[in-house]
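Presented below is the structure to which this report refers.
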Amino acid sequence: MSDALDSPLDPTPYDALLLLSFGGPEGPDDVVPFLENVTRGRGIPKERLKEVGQHYFLFGGVSPINDQNRALLDALRKDFADHGLDLPVYWGNRNWAPYLTDTLRDLARDGRRRVLTLTTSAYASYSGCRQYRENLADALATLQEEGLEPPRVDKLRHYFNHPGFVRPMVDGVLKSLADLPEEVRDGAHLAFTTHSIPTAAADTSGPVADHGDGGAYVRQHLDVARVIADAVRAETGVDRPWELVYQSRSGAPHIPWLEPDICDHLEERHGAGAPAVVMVPIGFVSDHMEVLYDLDTEATAKAAELALPVRRSATVGADPRFAAAVRELVLERAAAESGRAVTPCALGALGASHDLCPVGCCPARTPKPAAAGADSPFA
């Protein structure tokens with residue numbers, strides 16, 4: 001960080017932070033309506049949604065993501081207050097209450113004119129970045145139709161390689177390794193997991209010209225995995241085999257998605273003689289449903305079937321170091337917007353991501369307006 005961020009904490013020109021997340025059901029009656037929101041426009045029958053919803057029904061129809069966002073809100077507000085950063089924090093979801101449009105309406109009515117957005121997705125991709133920006137554009141257009149003056153909305157840069165996001169994951173791996181039986185600990189492999197997406201979507205995550213196959217999505221995950229593996233080696237003295245693997249595929253079978261799947265990977269590692277595996281969900285900010293089901297339930301059951309010892313390391317969640325990282329990201333962006341010198345903080349080989357998504361970054365099949373980027377209609 002530069003000296004500009006060591007002075008009194010000034011978020012100017014921003015007057016609010018918006019935590020923007022996916023949302024999730026909070027009871028059995030919410031599951032199908034929630035899935036209808038998620039899949040709107042795809043023509044999926046209600047009976048099929050009930051089948052998909054079985055993952056939620058296994059946990060009482062409640063996704064943990066909303067409580068985890070409440071915990072993150074508390075952590076952010078505490079960190080801001082403890083450090084004298086006078087910036088209110090709001091919360092809105094794409095697919096469940098509190099809905100994004102309602103929250104932006106509150107921001108407008110509260111007189112907030114310049115809003116920074118933190119999304120609960122750390123990496124570049126259509127579903128992890130541009131789709132959130134499209135939702136922002138839809139909500140801002142609704143405010144205009146209602147006669148409200150929408151605030152200008154910017155988005156914090158991708159934070160996948162910020163130390164406050166990475167270090168808690170390193171500690172999670174170390175704790176998981178320590179929890180393995182001593183006789184398999186030093187031989188344990190690391191499986192870094194993230195959400196599988198169509199290969200076409202990965203290849204166009206961008207800016208495309210800066211990355212190879214798999215686009216920024218794969219390259220960013222590989223860089224984080226390498227940083228974590230190197231840190232674990234430095235602290236344990238053991239150089240462990242590791243691989244980036246995928247989970248939570250939900251697309252049609254004929255469409256290529258990123259592989260290998262975590263369960264297939266566990267079978268392969270077991271067949272190759274690995275004595276144990278630590279699953280490291282680097283692609284997820286918190287322990288939401290896809291972590292609880294796909295890793296803690298499905299992958300753990302596969303490992304038990306193989307008699308392969310596994311552990312699943314913790315996600316970042318509401319770790320105070322992550323809250324502090326968000327504060328630093330806010331001040332970094334505020335300094336840049338105000339023309340003050342700032343040195344972005346980032347680990348690994350890729351450096352800090354762009355502040356402003358360029359035109360054509362992470363495109364959708366059907367082009368839609370997207371806020372908080374170089375092509376925003378609300379600049």
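The values are calculated or read from the model by the stated rules, or taken from the named source; none is laboratory data. Quantities reported herein were computed from a predicted structural model and do not represent experimental measurements. Here the Cβ positions follow ideal geometry from the backbone for every residue, glycine too, while neighbour counts run over all protein chains shown. Ligands, DNA and RNA are excluded from the accessible area calculation, which covers all protein heavy atoms including side chains. Shrake-Rupley method; radii C 1.70, N 1.55, O 1.52, S 1.80 Å.
For the chain, the Cβ-based charge dipole about the Cα centre amounts to some 640 debye (Lys, Arg positive; Asp, Glu negative; other atoms uncharged). Under 5 Å between amide hydrogens, built in the peptide plane, is the criterion, and for TYR99 it picks out ASN93 among residues at least 5 positions away or on other chains.
Per-peptide packing, taken as the mean over residues of other Cβ atoms within 10 Å, places 310-316, 371-377 in the sequence 310-316, 371-377 from highest down. Dividing the C-alpha radius of gyration of the chain by 2.2 N^0.38 Å, with N its residue count, gives 0.98.
Each listed q (0.15, 0.20, 0.23, 0.25 Å⁻¹) maps to a log10 I(q)/I(0) for the stretch 18-107 from the Debye sum over equal C-alpha point scatterers, namely -0.64, -0.93, -1.10, -1.20. Over all other residues within a Cβ to Cβ distance under 12 Å of GLY206, the charged ones net out to 0, with Lys and Arg as +1 and Asp and Glu as -1. Adding -39500 (n - 2.57) for every DSSP H run of four residues or longer, then dividing by how many residues the chain holds, sets the calculated 222 nm ellipticity at -11500 deg cm²/dmol. Taking all protein chains into account, the per residue accessible area for the chain stands at 42 Å² (1.4 Å probe).
Pairwise inverse Cα distances across the stretch 207-260, averaged and inverted, put the Kirkwood hydrodynamic radius at 13.3 Å. Each pair of Cα atoms in the stretch 233-332 enters the Kirkwood radius, and Stokes-Einstein at 10 °C and 1.306 mPa s then converts it into a translational diffusion coefficient of 102 µm²/s.
Lysine pair count for the chain with Cα-Cα distance under 25 Å and sequence separation of 8 or more or different chains is 4. Principal axis extents of the C-alpha atoms in the stretch 122-234 (largest first, rounded to whole Å): 66, 29, 20. Beta bridges per DSSP, both residues in the chain: antiparallel share near 5 percent. Within the accessible area of the stretch 238-318, the carbon and sulfur atoms contribute 51%, probe 1.4 Å, all protein chains present. Carbon-plus-sulfur accessible fraction, the stretch 117-167 (probe radius 1.4 Å, protein heavy atoms only): 41%. The GluC sites (Glu not before Pro) found in the stretch 121-152 that occupy coil by DSSP, while having at most 11 further C-beta atoms within 10 Å, are GLU146. For the stretch 251-262, backbone phi angles converted through the Karplus equation (6.51, -1.76, 1.60; θ = phi - 60°) give residue-by-residue couplings of x, 4, x, 7, 9, x, 10, 5, 9, x, 6, 4 Hz, Gly and Pro being listed as x. Using alpha carbons only, how many degrees (0 to 90, rounded to 10) separate the axis of helix 320-337 from the longest principal axis of the chain? So the inclination is approximately 40 degrees.
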